[in-house]
Amino acid sequence: MTRIHINASTPYDVVIEAGSLQRIADYIKPLKPNCSVIIVSDSNVAPRYLNLVKTNMINAGYSVCDYVFTAGESSKNAHQLINLVEYMAAQSLTRKDLLIALGGGVVGDMAGFAAATYLRGIDYVQVPTSLLAAVDSSVGGKTAVNLEAGKNLWGAFKQPILVLCDPSTLNTLPDMEWKNGCGEIIKYGFLDVPGLLTQLEHKPLIKHRDSVGAVIARCVQAKADIVEQDERESGVRALLNLGHTFGHGIEKASHFEVHHGYAVAIGMILMAQGAVKHGELAAEALDKLKVLIEAHDLPTTTTVTKEEILAAAKHDKKSEGATIKIVVPTSYGHSELKVVTHEELATYLD
């Protein structure tokens, strides 16, 4: 078992342990005495793990209900959020009760936002079942849903009281979801975690999946270090958005047919190419990044137009009027924050 402490406004632990899902109540009981619990999941995850978690919690003395929605990024919207919150109210859940987010990033984002806003906030537990959620979205307290104008534009900061990651749940993931997670993992390598890049170069995770527990722990620790410095993204936490400014535009323009990790991989390449043109990054570093991304079976190009990507950037959360904060790779394994105008941003895609 690996336990990583997150020293945020609400401190909590990330527990990474194979088989922990079968004993989930043992981890929750010390934090939350018997109460009513809602388990939020989606149509992919619920058939595999909902009954396991529900039975374990009921046997431990909790009163349990569940809410399952259709899997996919398209479900992470305002209408689905309202339906979830209305269901929570219909179950007469109180401020002393608990929400368990059982699933990948879509489940965690939407369920976390519901927990952040229902009755002005109730406790919740993140149980990531996808690689992307395990290494990134389940940790740090960002919650949100998508709006018509763009991705994750309606949300709140709300730290969970526990993140319980059972790597054995990843064994049932399709290859696409492994690749999806690898896009975010490679991102961490460019945030001053050089040992991670070395590991991924010698043993690409997509081909050496037995090392996933250690990789998850490395990414979570890297995110913990950043979140503890800047919980609400007023400064250094924005580094976690490497590849996201262009990546979110690719997701939106493709109507989310391009998955998040894939889009982040392309976004990193596009930003790195722009950095080379601006003299901020050596061409050799771009070449090494491209080799690493391709070694994880991720794309490096897109058919989404420059105009579509830049239009989405206007609605990016890092956009402030005429300027936008971007993350630029400046060496192999290191990135820096930079504020540019939207006109200057366009030159990174020329």
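Below, the figures for the structure above:
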{"quantity": "Counting DSSP beta bridges with both ends in the chain, the antiparallel % (nearest 5)", "calculated": "45 percent"}
{"quantity": "Probe 1.4 Å, all protein chains present, accessible-area order of Lys314, Lys290, largest first", "calculated": "Lys314, Lys290"}
{"quantity": "CD proxy at 222 nm, helix term only [per DSSP H run n ≥ 4: -39500 (n - 2.57); per residue of the chain; nearest 500]", "calculated": "-12500 deg cm²/dmol"}
{"quantity": "Acute angle (nearest 10 degrees) that the helix 212-229 long axis makes with the longest principal axis of the chain, alpha-carbon atoms", "calculated": "80 degrees"}
{"quantity": "Dipole of segment 306-350, positive direction: furthest Cα of Thr347, Tyr332, Ile309, with charges on the beta-carbon", "calculated": "Tyr332"}
{"quantity": "Hits among lysines - C-alpha to C-alpha of Lys158 under 20 Å, sequence gap 8 or more where chains match", "calculated": "Lys32, Lys76, Lys96, Lys142, Lys223, Lys317, Lys318"}
{"quantity": "Area accessible to solvent at Ser63, 1.4 Å probe radius, in Å²", "calculated": "70 Å²"}
{"quantity": "Note, ³J(HN,Hα) from phi for segment 195-208, Karplus 6.51, -1.76, 1.60, rounded to Hz, x at Gly and Pro", "calculated": "x, 5, 4, 4, 4, 5, 5, 7, 9, x, 4, 4, 10, 10"}
{"quantity": "Residue-normalised accessible area of segment 258-301, given per residue in Å² at a 1.4 Å probe", "calculated": "38 Å²"}
{"quantity": "Extreme residue, positive dipole direction of segment 1-55, given options Pro47, Pro33, Thr10 (C-beta unit charges)", "calculated": "Pro33"}
{"quantity": "Rg/Rh (Cα only; Kirkwood hydrodynamic radius) as it applies to the chain", "calculated": "0.96"}
{"quantity": "Charge dipole magnitude, Cβ of K and R +1, D and E -1 - the chain, Cα centre, debye nearest 20", "calculated": "760 debye"}
{"quantity": "Heavy atoms of Met1 accessible to a 1.4 Å probe, total area in Å² rounded to 10", "calculated": "130 Å²"}
{"quantity": "Rounded if a/c under 1.5, otherwise prolate or oblate - segment 26-69, Cα gyration tensor axes", "calculated": "prolate"}
{"quantity": "Principal-axis tilt of helix 46-59 within the chain, Cα atoms, nearest 10 degrees", "calculated": "40 degrees"}
{"quantity": "The chain: angle of helix 105-117 to the longest principal axis, Cα-based, in degrees nearest 10", "calculated": "60 degrees"}
{"quantity": "Probe 1.4 Å - accessible area at His342, Å² to nearest ten", "calculated": "20 Å²"}
{"quantity": "Largest to smallest accessible area among Tyr12, Tyr49 [probe 1.4 Å]", "calculated": "Tyr49, Tyr12"}
{"quantity": "Whole-Hz ³J(HN,Hα) from phi, Karplus 6.51 cos²θ - 1.76 cosθ + 1.60, for segment 76-85, glycine and proline x", "calculated": "7, 9, 5, 5, 5, 4, 4, 4, 5, 5"}
{"quantity": "Global form of segment 3-126, assessed from the alpha-carbon gyration tensor, a/c cut-off 1.5", "calculated": "rounded"}
{"quantity": "Aspartates and glutamates whose Cα lies under 12 Å from that of Lys306, excluding same-chain neighbours fewer than 8 positions away", "calculated": "Asp350"}
{"quantity": "Net lengthening on full extension, Thr301/Ala156 (0.36 nm per residue, minus Cα-Cα)", "calculated": "49.0 nm"}
{"quantity": "Accessible area in the full protein assembly, largest first, 1.4 Å probe, for Val85, Val53, Val339", "calculated": "Val339, Val85, Val53"}
{"quantity": "Cα gyration tensor, segment 241-350 - rounded (a/c under 1.5), prolate or oblate", "calculated": "oblate"}
{"quantity": "Asp13 paired with Thr172, simple spin-label distance in nm, labels 7 Å along Cα-to-beta-carbon", "calculated": "2.6 nm"}
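The values are calculated or read from the model by the stated rules, or taken from the named source; none is laboratory data. Note that the coordinates shown come from a computational prediction; the quantities given were computed from them, not determined experimentally. Glycine also receives a Cβ, built like all others from the backbone with ideal geometry; neighbour counts cover every protein chain displayed. Ligands, DNA and RNA are excluded from the accessible area calculation, which covers all protein heavy atoms including side chains. Shrake-Rupley method; radii C 1.70, N 1.55, O 1.52, S 1.80 Å.
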